[in-house]
Amino acid sequence: MPHTIPARTLPATAVTCDTCAAKCCRLEVMLITETGVPERFIAEDDWGSQTMLRLDDGWCAALDRHSMSCSIYQNRPLICREFEMGGDDCLIERQVN
């Protein structure tokens, strides 16, 4: 009978917004509810749909580039509120280069 070596479980790397470089802040965010997003951060298309304004480099206009955190966190869109840190969507975005 072959000798088996017991499996080891390695500790998972902590998933926090502080270690992420704000990858979710490069996604398109539709504004589907009223949360108080300031008008200067809203883009509107020809059909009247509203999204978070993104800068020419693809980053959300509300992202504070010094802290890499949301400058309107208390008034962020519903989609941003539902994007769970460490959830499936978060982990997928963290793997994208």
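Laboratory data are not the source of any read-out in this text; all were calculated from the coordinates shown. All figures in this text were calculated on a predicted structure; none of them were measured in a lab. Positions of Cβ are generated from backbone atoms using ideal geometry, with glycine treated the same way; all protein chains shown enter the neighbour counts.
Would you mind counting up the charge near MET68? Only other residues with Cβ under 13 Å from its Cβ, with Lys and Arg at +1 and Asp and Glu at -1.
That works out to +1.
Past the 12 angstrom mark, what percentage of all C-alpha to C-alpha distances in segment 20-67 do you count?
Within segment 20-67, distances greater than 12 Å cover 63 percent of Cα pairs.
Taking K and R as +1 and D and E as -1, what net charge do the other residues with C-beta under 11 Å from the C-beta of PHE83 add up to?
Around PHE83, the surrounding residues sum to -2.
What size of dipole, in debye to the nearest 20, comes out for segment 9-94 about its Cα centre when the only charges are +1 on Lys and Arg C-beta atoms and -1 on Asp and Glu C-beta atoms?
Result for segment 9-94 is approximately 340 debye, rounded to the nearest 20.
Just subtract the alpha-carbon distance of ALA61 and VAL15 from 0.36 nm times their residue separation and send over the number in nm, one decimal.
Residue separation times 0.36 nm, minus the Cα-Cα distance, leaves 14.2 nm.
Using +1 at the Cβ of each Lys and Arg and -1 at the Cβ of each Asp and Glu in segment 17-95, identify which of CYS70, THR51, PHE83 lies farthest towards the dipole's positive end.
Most positive-ward Cα: CYS70.
Based on alpha-carbon positions alone, could you give the equivalent ellipsoid semi-axes of segment 26-97 from the gyration tensor, as √(5λ), descending, whole Å?
20, 14, 13
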